[in-house]
Amino acid sequence: MAAGAGGLAAAALLLALAGPRPAPAELTDGNNEHLKREHSLMKPYQGAGSAAMPLWDFTGSTMVTSQYVRLTPDERSREGSIWNRVPCFLKDWELHVHFKIHGAGKKNLHGDGLALWYTQERLTPGPVFGSKDNFHGLAIFLDTYPNDEATERVFPYISAMVNNGSLTYDHSKDGRGTELAGCSADLRNQNHDTFLAVRYSRGRLTVRPTAGRAGSAGAADDNHDIISMKLFQLMVEHPLEDETVDWTKIEPRVSLLKSPKDNVDDPTGNFRSGPLTGWKVFLLLLCALLGIIVCAVVGAVVFQKRQERNKRFY
């Protein structure tokens with residue numbers, strides 16, 4: 001698991017992706033007995049005030065204090081990252097992230113946000129919220145700055161992206177073309193605690209913000225603080241055939257992802273169908289013309305029958 005930042009100033013979170021191992025067939029109740037401490041970051045932080053931390057690597061402007069891990073300070077052109085050293089072999093898991101994004105910048109004059117990563121790659125800086133593009137795995141973006149001035153979606157905006165290394169994140173469009181799903185969430189400069197829960201179980205991904213994670217500060221600035229990250233193992237029953245699957249050789253994929261060419265925004269931040277293409281317009285016009293012809297023929301027949309009735313009365 002890791003957090004990192006890139007661009008002019010950025011911060012991100014990442015969980016190293018590896019082949020899952022079979023798990024016992026019970027349903028977790030979320031108690032600490034299912035907490036995976038090797039993938040979790042909690043107080044008291046070991047190595048506070050130093051350049052080393054057990055189980056974690058951090059780079060850039062990342063600073064460990066007694067109260068939080070700050071990926072980027074409220075200064076321009078800063079970046080930072082924190083990465084878990086231990087690969088995750090869990091088949092079903094849930095991650096709880098307690099974080100805070102805050103700064104003095106006003107509307108549209110603050111940092112880019114945070115990104116949560118669950119990928120094969122680690123400690124690889126790049127242009128996507130501080131990490132590399134064309135990654136293998138899952139990314140959750142907590143985007144606080146609209147780079148696309150024409151967008152109608154409301155920021156901050158949380159979105160998910162799954163990549164097998166073939167997709168490129170379009171930062172100028174805030175990743176709209178490769179977005180799996182997304183929603184708006186008011187998570188910046190809040191007086192209350194902000195959390196994000198990410199759950200992956202039986203092939204289904206659920207992202208749930210509660211009150212507001214990976215990040216970037218962009219041309220302006222923000223403090224990006226991580227208070228805790230807790231990874232829980234979910235004890236879920238799987239079909240017997242899953243036991244024979246070599247999960248390390250499975251490429252990341254999504255079964256219900258629409259083509260990026262068909263995705264544009266509506267004012268609510270959701271996807272709707274793209275603009276009509278030429279052949280769609282032709283079909284609509286053809287259907288309309290046929291409808292008019294049918295109506296004209298029916299009208300003519302009705303008119304003719306009425307004329308015949310009128311003649312009988314004379």
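The values are calculated or read from the model by the stated rules, or taken from the named source; none is laboratory data. Since we're looking at a predicted model, the values are computed, not measured. Neighbour counts are summed over all protein chains in view; Cβ atoms, including those assigned to glycine, are modelled from backbone coordinates with ideal geometry. Please note that ligands, DNA and RNA were not included when accessible areas were found on the heavy atoms of the full protein model with its side chains. Shrake-Rupley method; radii C 1.70, N 1.55, O 1.52, S 1.80 Å.
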**Fill in**
Heavy-atom accessible area per residue of segment 35-249, all protein chains kept, 1.4 Å probe, expressed in Å², is 44 Å²
**Item:** Q190 versus A300: modelled label distance in nm, points set 7 Å from Cα along the beta carbon direction
**Value:** 6.7 nm
**Asked** What Rg and what Dmax come out for segment 35-249 when only alpha-carbon atoms are used, in angstroms?
**Response** 16.9, 54
**Prompt:** If ligands, DNA and RNA are left out, what is the accessible area of D225 with a 1.4 Å probe, given in Å² to the nearest 10?
**Reply:** 10 Å²
**Request:** Quantify, in whole percent, the carbon and sulfur part of the accessible surface of segment 35-249 (1.4 Å probe; protein heavy atoms only).
**Result:** 51 percent
**Request:** Place the peptides 57-66, 95-104, 294-303, 137-146 in order of packing, highest mean first, counting for every residue the other Cβ atoms within 10 Å and averaging per peptide.
**Result:** 137-146, 95-104, 57-66, 294-303
**Asked** In the structure displayed, which of K43/K173; K91/K173; K91/K132; K43/K249; K100/K249 lie more than 28 Å apart, Cα to Cα?
**Response** K43/K173; K91/K173; K43/K249; K100/K249
**Asked** Counting only the heavy atoms of the protein chains, how much of S184 is accessible to a 1.4 Å probe, in Å² to the nearest 10?
**Response** 50 Å²
**Message:** Using amide H atoms built in the peptide plane, which far-off residues or other-chain residues are under 5 Å from T119 H to H?
**Reply:** L15, A16, L17, L138
